[in-house]
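What follows is a short report on a single structure.
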């Protein structure tokens, strides 16, 4: 069947070359020649006199040189155009698929990268919260710039931004502090098993109380306090309320016992002091409680459950958490799975907090005997009465 078909096509080509086809048949053959690379090649060989039999050479000689060149040229250009369109179509289709994949995978990566980055700032940087952000995340390369803020009194100050980048599946994060460096003043004393007297821990409190005594009335401050025993969220609120009315100060961060602290750090004469990148905790206002609002005070169980849920999320994204956390946790593995297991077993226990508000109001905590350490952070002029309108302008 195939041989008969080839012979028929061969005879038709020879008839065309001899000029024996009428105009309609000749036009159809020319279209077939343009569409079929194999037919074009065969016709070209016939025109060049290649093949068996004298009749082929004689047939080719019946067409003028110009006609022969025109047939071959037309067929070649049509094939080139067809091939170009076909090639372009393939590249366009592949590009469209990659574009869709880049957008879909990039969006998926962005959600996880953004959430993990925000959590790691929240959990490892006392008193620091995340603000506005800009991002571009794709399959090959992506970047998120997340603003870092610090609250002193009633105002939040920009202290820099955290830049997290991904190249393929490799992710890294790096803080860019506003002045090139962040001065660390907020320290916490971890409650070890070794009991110490008030006199033995006095040097961890006295400088802060003395400085706050000398500061004028019209100032606001940051204060990091540590307790000699762990507290639940509700116990903490009751303790603070004994000295300060709720509207006269605000707790912006809690230091949480995660069991890793004693393993990773050496004690200094019975005192274990931790700061940013070493301590672990959370800012309650940075947790996502869902659609239902949460009360300013109370609902301790709900806050605790939300914190644990976010810790579980980090364990489910262990590789990403480690990549983001290494730069924030003293260039070490943040050990989220180990911390989460400890919190599930022991519960969420608070041993320290960062408060901010009027300096003289915070000074009232000097009377609390369970405070084993107090460190004064930033101090600003009075801003506790919020203005009717305010804002900030950025140069980046």
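Summary table
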item: Which of 260, 220 has the fewest Cβ neighbours within 10 Å, and the rest in rising order; result: 260, 220
item: Protection-proxy order for peptides 301-311, 150-160, each taking the mean of Cβ atoms within 10 Å per residue, highest first; result: 150-160, 301-311
item: Rg and Dmax [Cα atoms of the stretch 188-381; Å; Rg one decimal, Dmax integer]; result: 17.0, 49
item: Nitroxide proxy distance, nm - points 7 Å out along Cα→Cβ at residue 319 and residue 145; result: 2.9 nm
item: Inter-site label distance for residue 344 and residue 238 at 7 Å from Cα along Cβ, in nm; result: 2.9 nm
item: Label-point separation, residue 90 to residue 217 (7 Å along Cα→Cβ), nm; result: 8.3 nm
item: Theoretical FRET efficiency, 1/(1+(r/R0)^6), r = Cβ-Cβ of residue 172 and residue 337, R0 30 Å, to 0.05; result: 0.90
item: Potential extension, residue 198-residue 185 segment - 0.36 nm per residue separation minus Cα distance; result: 2.5 nm
item: Computed FRET value (nearest 0.05) for residue 305 with residue 22, which takes r as the C-beta separation and R₀ as 56 Å; result: 0.05
item: The stretch 188-381: relative contact order as a whole-number percent, Cα under 8 Å and 6+ apart; result: 51 percent
item: Sorted peptide list for 236-246, 327-337, criterion being average Cβ within 10 angstrom, highest first; result: 327-337, 236-246
item: Packing-based exposure ordering (other Cβ within 10 Å, fewest first) of 161, 114; result: 114, 161
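Throughout, read-outs are computed from the coordinates displayed, never taken from laboratory work. All of these numbers come straight from a predicted model, not from anything done at the bench. Methodologically, a virtual Cβ is constructed for each residue, glycine included, from the backbone with ideal geometry; neighbour enumeration extends over all protein chains shown.
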